[in-house]
Amino acid sequence: MSENIQITSADRVTTLTIARPEKRNAITQAMYGAMADALEHYANSDDARAFVITGADEYFTSGNDIRDFSMGHQGDETPAVLRFLTAISHCPKPVIAAVNGPAIGVGVTMLLHCDLVMAATTATFSTPFVQLGLVPEAGSSMLLPAAVGMAVANDMLLAGRVLDATEAQNFGLVSRVFPGTELLSEVNATAIQVAASAPNSMKQTKGLIRQGRDQMLEQMHKESVLFAAQLKSSEFAEVVQAKMLKRVPVFD
């Protein structure tokens, strides 16, 4: 378990907190492994019946740790990020997101696999994959247009538009918005209500809602192949170098 992933349990609710505030909760491969472990354990647990994901302090997550990912995947085992995306997209039980602040990159795309998304008024939502020399992941090239509409998805994925919490709720990415001081208590109350519901009925209902997602899983695979290729590209290398030198990247 990564020290930057905190897990607590109470009232049949498991809460995962992304806790790396000094790096705006940027996620490393080790953290993805810990998140995958937690979700896999939850999916197979007879006790926990709701799962909450949130971030520590002011950020939900600023997305992937670019320096960590620029090192590439080590070893022959399944990359931790793919384990996490598989775990969250296949989880048979309810997953709830409490977006306490800015959600960037995977901070947005993971929301598309959550069953309930609640946000603080200070939350923002951005998917700057193109600006990083990358491509969308987690099935977001299909799920985001379905969630917010093609026009808004194009604005976010191609032009880098950032949504505020009100816009995200109006476009259907978020179901409820609360003042930051009330978010976690409101989410916890909802999570306890969900956890107290008939578990088999809950699983069956979630399964019905999510049936027919085979095409999305195929899309996720295509994205992962392109994403891995872009990590090795000169475009991504330029982004990394530009960030290190604190300049604007230049693409030929």
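Take the Cα of Thr78, step 7 Å along the line toward its Cβ, and report every residue of region 24-53 whose backbone nitrogen sits under 17 Å from that point.
29-45
Can you tell me the length gained on complete extension of the stretch Ser233 to Gln215, counting 0.36 nm per residue apart and subtracting the Cα distance?
Result for the pair: 3.8 nm of gain on full extension.
List every residue whose amide H lies under 5 Å from the amide H of Gly63, counting only residues 5 or more places away in sequence or on a different chain, with H placed 1.01 Å from N in the peptide plane.
Ile27, Ile104, Gly107
Through the Karplus equation 6.51 cos²θ - 1.76 cosθ + 1.60, θ set to phi - 60°, convert the phi angles of region 96-105 into ³J(HN,Hα) values in whole Hz; use x for Gly and Pro.
Residue by residue, region 96-105 yields 10, 9, 10, 7, 8, x, x, 10, 10, x Hz.
In the chain, once you exclude exposed GluC sites (Glu not before Pro) (DSSP loop, at most 12 other Cβ within 10 angstrom), what's the longest stretch remaining?
In the chain, the maximal stretch lacking such sites is 78-252.
Looking at the chain, which longest stretch skips every one of the trypsin sites (Lys or Arg not before Pro) that is in a DSSP loop with at most 15 other Cβ atoms within 10 Å, leaving the sites themselves out?
1-209
Tell me the mean residue ellipticity at 222 nm calculated for the chain from its helices only (DSSP H runs of n ≥ 4, each -39500 (n - 2.57), averaged over every residue, nearest 500).
Rounded to the nearest 500, it is -14000 deg cm²/dmol.
Setting aside same-chain residues fewer than 8 positions from Lys93, which aspartates and glutamates have a Cα under 12 Å from its Cα?
By straight Cα distance, Lys93 reaches Glu40, Asp46, Asp47, Asp115.
To one decimal place, what orientation-averaged projected area in nm² is obtained for the convex hull of the Cα set of region 120-252?
Value for region 120-252: 10.7 nm².
Between Lys203 and Met150, what FRET efficiency follows from the Cβ-Cβ distance if R0 is 41 Å, with the result rounded to 0.05?
Efficiency for this residue pair is about 0.85.
Among the lysines in region 150-252, how many pairs, 8 or more places apart or on different chains, have alpha carbons under 27 Å apart?
Counting lysine pairs in region 150-252 gives 4.
Could you tell me the center-to-center distance, by alpha carbons, between region 1-66 and region 146-188 in angstrom?
20
Taking amide H positions as placed in the peptide plane 1.01 Å from N, state which residues far from Ile5 in sequence (5 or more) or on other chains have amide H under 5 Å from it.
Answer set, sorted by chain and number: Ala19.
Just to verify a number: FRET efficiency for Thr8 and Thr166, C-beta to C-beta distance, R0 = 25 Å, to 0.05?
Computed FRET efficiency for Thr8 and Thr166: 0.25.
Taken together, the values in this text are just the output of simple stated rules run on the coordinates, not laboratory data. Computed from a predicted model, the values in this text were never measured in an experiment. Backbone-built Cβ (ideal geometry, glycine too); neighbour counts: all protein chains shown.
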